[in-house]
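Each remark here refers to the structure printed beneath this line.
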Amino acid sequence: MSSAPTVDTTRIAPQTGAYVHLAPGDVLTVVDPTGVQVSDLFCVSTDDVAEVLSSGRSIDFENTVRFTTGRRLWSNRSRPMLTIVEDTCRSHDFLLTPCSQQTFDILYPDFGGAPHPSCFANLVEALAPHGVDPDRIGTTFNTFMNVWADESGELHIDAPQSVAGDRFSVRAEMDLHVAITACSAEKSNGGTCKPIDYSVVRKG
Ligand SMILES: [Zn+2]
């Protein structure tokens, strides 16, 4: 009798992040364990960390802003970095940058300029040991983030539509440094920041 290989799941604590190395063919799965929680993703090529995830190229080549199974996420050098291979939520954002200290200072003045955890800081921390300059970290793929435009073009951020156990999987198309977060912005996460789980199935 054969059984499926055990896949270890790692939990990202609320308002923190994690680093993952992916070789070509490896599959990274991001799971929302409780529901209503965003996870930002950013990646760069290990061959040259100046080759980075590009929202603009991805929107160009995929001709959509609704990324789901079968869609690819492209680099600034117009090469596929990741292919989405599973998506049980089908509601994500690829328009907005990761929340940062300035996000809270400028958009959410209720915080009074106090230090606040952020996806940007967590991505910087995860990628800096691999030679990634903070200025290279642009628009993130915001898994489970619920952003929509009304008829005037104004953007709205609502609570994520993800429910407990929703899964989002990407297959690496090149060797990658990847950083993912459990988003720190209360407003993007239905008012409370919760954990994110992830696992990797190695091709080799
Ligand atoms: Zn965030």
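Quick look at the values:
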item: Segment Ser78-Thr34, length gained on full extension (0.36 nm per residue, minus Cα span); result: 12.3 nm
item: Descending Cα extents along the principal axes, region 69-174, whole Å; result: 42, 39, 31
item: Sorted by Cβ neighbour density within 10 Å, fewest at the top, the residues His21, His156, His92; result: His156, His21, His92
item: Computed over region 31-112, the ratio Rg/Rh where both radii use C-alpha atoms and Rh is Kirkwood; result: 1.02
item: Peptides ranked, highest mean first, by Cβ atoms within 10 Å: ranges 139-147, 158-166; result: 139-147, 158-166
item: Computed E for Glu154/Thr69 - FRET, C-beta separation, R0 35 angstrom, nearest 0.05; result: 0.75
item: Region 12-201: equivalent-ellipsoid semi-axes (sqrt of 5 x gyration tensor eigenvalues, Cα, Å); result: 23, 19, 17
item: Relative packing of peptides 65-78, 184-197 - highest average C-beta neighbours within 10 Å first; result: 184-197, 65-78
item: Relative contact order of the chain, pairs being alpha-carbon contacts under 8 Å that are 6 or more residues apart, as %; result: 44 percent
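Rule-based calculations on the coordinates, nothing more; no lab input. What you see is a predicted model, and the numbers here were worked out from it, not measured in a lab. Methodologically, a virtual Cβ is constructed for each residue, glycine included, from the backbone with ideal geometry; neighbour enumeration extends over all protein chains shown.
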